[in-house]
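Taking it in order: structure first as structure tokens, then the write-up.
The values are calculated or read from the model by the stated rules, or taken from the named source; none is laboratory data. Keep in mind the model is a prediction, meaning the values are calculated, not measured. Using ideal geometry, Cβ is built from the backbone for each residue, glycine included, and neighbour counts are taken over all protein chains shown.
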Amino acid sequence: MKKIIYALILPLALVGGLVFANHEIKNETSKKPIPQTLSAAEKKAALKKWEATPAGIMYKKWEASPAGKKVQDAEAKILKNIKGYTNMEGVVTSLSLPPGSRLGFGVMVRIDDDDYIAIFQPEKSQLKQLHSLKINDKVIIKSHGLMHAPKYAYPIVPVGYLERDSKIIFKRIPRKGGC
């Protein structure tokens, strides 16, 4: 019995010794290079390279198409409010997003005679209030961002603040630990 135990412990000791011998000391400085931010010329070159890919070509075609121009015009209407994080009055037009969308929880909102996809990143405690929204509810929205994609016929507004009847329905909770 002792021989079997010694036979099992000996390889375990050898493997443990090899692991410690190859293990780097964590106090040493990292040998990995720190990623540098790209200069304006490098960014421009990377953009040109991307525009030559099939995805870039498709995006440029969409941008020049009537659908792309419609989305860009709608974005231009609210861009001042987005940059200033000011109130935008809107009306909820649909409680569901367009078919095939993968944006998470959201609703369709009409602001200044244009439709927008309003998306939320709610905590579980905020879902009940968001589910209380109804079609034709008048809301006030604030946002820091604006997005678009060829897949969607509407600009996408990530909502930071939503108010209905002078009551806060949604307020984005910043993530813990940074961004």
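So the values come out like this:
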read-out: Residue in segment 140-153 that is touching an Asp or Glu at 6+ places or on another chain (Cβ under 8 Å), basic (Lys, Arg), at pLDDT 90 or above and over 16 Å from residue 71 (Cα atoms) present; value: no
read-out: Residue within segment 95-106 that is under 17 Å from residue 168 (Cβ atoms) and free of Cβ contacts under 8 Å to residues at least 24 places away in the same chain present; value: no
read-out: Whichever residue in segment 124-173 is in contact with a strand residue (DSSP E or B) (Cβ under 6 Å, 6 or more places away or on another chain) and of a type in the set (Phe, Trp, Tyr) and, among such residues, is nearest to residue 96 (Cα to Cα); value: 154
read-out: Residue 49 being surrounded by 11 or more Cβ atoms within 10 Å (Cβ to Cβ), among the basic types (Lys, Arg) and part of a helix (DSSP H, G or I); value: no
read-out: Output for segment 107-139, where each listed residue is under 23 Å from residue 68 (Cα atoms) and either among the basic types (Lys, Arg) or in contact with a Phe, Trp or Tyr (Cβ under 6 Å, 6 or more places away or on another chain) (or both); value: 109, 110, 115, 116, 117
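Per-residue answers, yes or no, for (1) exposed (fewer than 11 other Cβ atoms within 10 Å of the Cβ); (2) among the hydrophobic types (A, V, I, L, M, F, W, C); (3) in a helix (DSSP H, G or I); (4) at pLDDT below 95:
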position: 33; (1), (2), (3), (4): yes, no, no, yes
position: 37; (1), (2), (3), (4): yes, no, no, yes
position: 42; (1), (2), (3), (4): no, no, yes, yes
position: 59; (1), (2), (3), (4): no, no, yes, yes
position: 82; (1), (2), (3), (4): no, yes, yes, yes
position: 86; (1), (2), (3), (4): no, no, no, yes
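Yes/no matrix, rows are residues, columns are (1) assigned to a loop (DSSP other than H, G, I, E, B); (2) over 21 Å from the mean Cα position of the chain (by Cα); (3) on the phi > 0 side of the Ramachandran plot:
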residue	(1), (2), (3)
67	no, yes, no
72	no, no, no
99	yes, no, no
121	yes, no, no
